[in-house]
Amino acid sequence: AFCSAEYFEEEEEFYPPSRFPIDPDANRTMCEIIQAKGYPCEEHYATTPDGYILGMFRMPQPNNVGPPVLLQHGLLDSSFTWVLNYPEQSFPYILHDLGYDVWLGNNRGNTYSKNHTTLSIHSKEFWQFSWDQMAEFDFPTQIQYALSKNAMYPKLVYIGHSEGTTQAFAGLSLNSSIADMLYGYVGLGPVISVTHMSNLWLRDLLELGVEWIWNVLGIYQFLPTPVELHSEFVWACAECPICCNEVIELICGRHHGAFNNSRMNVMSGHEPGGTSTQNIHHWAQMVKNPTFQKMDFGAKRNEEIYGQTTPPVYNLNNLPKSLPMMLYSGSHDELADPDDVQTLVTTLEGIVESVYWKEVRKYAHLDFAS
């Protein structure tokens with residue numbers, strides 16, 4: 001379901017006007033946000049081989065010239081994360097100013113990718129996915145679609161944040177030929193393991209198995225964008241931005257880098273982007289098991305799905321050796337923990353010919369994409 005300005009204008013007001021101005025971006029759609037800054041925006045749809053219809057946004061150059069770049073969001077997020085801030089602070093606008101043909105992707109099940117060729121979003125079947133399917137299907141599909149609309153370049157640059165890096169590492173290990181469509185891969189807050197995650201609140205939540213409560217209740221969608229309570233969230237974050245900031249920091253860690261707290265009421269109008277409960281289950285498994293592997297359904301179900309009692313492991317040795325990789329992590333990142341990133345980089349340096357890594361001082365997880 002897309003958030004529309006018309007919907008919010010008609011929604012009943014439950015609260016008095018905020019004492020502080022509410023930014024119009026809180027009630028705008030993706031393209032409205034981008035166009036309000038003076039940039040072009042197109043809405044596109046890419047269909048995966050298994051039928052999911054993914055919403056994509058393009059900031060084209062005049063006459064569709066310019067090298068293409070695809071930005072992919074993280075867990076419980078959407079393409080909105082890249083345009084939250086002002087043009088001089090947001091990656092897509094900066095890239096567009098530099099002459100790039102900018103594409104913003106969306107994984108299955110989030111705000112902009114709730115559609116399917118045959119399945120209803122109200123069905124259990126629609127939500128039976130994790131980042132395994134994002135790696136196998138969403139990752140290559142969005143790359144192929146972006147390239148199909150830019151006839152001047154045979155490849156693009158892929159930039160992933162958080163889960164956007166997870167699906168890239170997994171997707172490239174499954175099918176190294178995807179690298180034939182990439183000039184390079186940039187990973188922001190890269191993640192293939194969260195066993196050293198230092199955010200104790202989130203770790204406890206995942207270890208408790210919160211996803212099982214959702215499953216028991218028959219709730220297969222996890223934290224979708226709050227359409228019904230949209231106005232309430234925007235109002236609350238306009239009234240008390242520090243309160244909303246505390247909630248964000250509780251989940252994602254303290255941020256001291258590039259996060260713009262003045263945009264908190266805008267964020268509250270569009271986040272979280274949502275995902276499947278099954279995907280959260282997969283992430284919960286990663287807290288307990290450092291192995292970079294497919295989702296574990298238990299021995300019997302694994303046998304039915306994978307033909308073996310244990311989930312298959314993603315073999316990073318299958319990564320394309322000649323694909324340049326540039327990784328940026330944060331010294332204060334409580335999700336892509338510095339220890340986990342160090343282990344990842346050490347592994348990659350033994351496989352990939354060109355690996356660049358920079359740890360950005362005082363950056364936390366959201367600083368890279370907000």
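The values are calculated or read from the model by the stated rules, or taken from the named source; none is laboratory data. Please read all numbers here as calculations on a predicted model, not as lab measurements. Methodologically, a virtual Cβ is constructed for each residue, glycine included, from the backbone with ideal geometry; neighbour enumeration extends over all protein chains shown. The protein model used for the area step is the full one, side chains on, heavy atoms only, and it has no ligands, DNA or RNA in it. Shrake-Rupley method; radii C 1.70, N 1.55, O 1.52, S 1.80 Å.
Quick look at the numbers
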quantity	calculated
Selected residue (only one of 203, 108 is within 13 Å of residue 74 (Cα to Cα) and either touching a residue at least 40 places away in the same chain (Cβ under 8 Å) or under 18 Å from the mean Cα position of the chain (by Cα) (or both))	108
Matching residues, the range 302-317, being within 27 Å of residue 348 (Cβ to Cβ), in contact with a Ser or Thr (Cβ under 7 Å, 6 or more places away or on another chain) and open to solvent by 80 Å² or more (accessible area, probe 1.4 Å)	313
Residue tally, condition free of Cβ contacts under 8 Å to residues at least 60 places away in the same chain and either open to solvent by 10 Å² or more (accessible area, probe 1.4 Å) or at positive phi (or both), over the range 56-65	4
Any chance residue 283 is of a type outside the set (Ser, Thr, Tyr) and part of a strand (DSSP E or B)	no
Only listed residue being over 21 Å from residue 340 (Cα atoms), at pLDDT 75 or above and of a type outside the set (S, T, N, Q), chosen from 287, 266	266
The range 149-169: number of residues that are over 17 Å from the mean Cα position of the chain (by Cα) and open to solvent by 10 Å² or more (accessible area, probe 1.4 Å)	6
Residue in the range 170-208 that is nearest to residue 337 (Cα to Cα), counting only those that are open to solvent by 60 Å² or more (accessible area, probe 1.4 Å) and assigned to a loop (DSSP other than H, G, I, E, B)	196
Given (1) open to solvent by 10 Å² or more (accessible area, probe 1.4 Å); (2) closer than 27 Å to residue 223 by Cβ; (3) in contact with a helix residue (DSSP H, G or I) (Cβ under 9 Å, 6 or more places away or on another chain); (4) not in a loop (DSSP other than H, G, I, E, B), number of the condition residue 75 does not satisfy	(4)
Single residue of 323, 335 found to be touching a Phe, Trp or Tyr at 6+ places or on another chain (Cβ under 7 Å), open to solvent by less than 40 Å² (accessible area, probe 1.4 Å) and part of a loop (DSSP other than H, G, I, E, B)	323
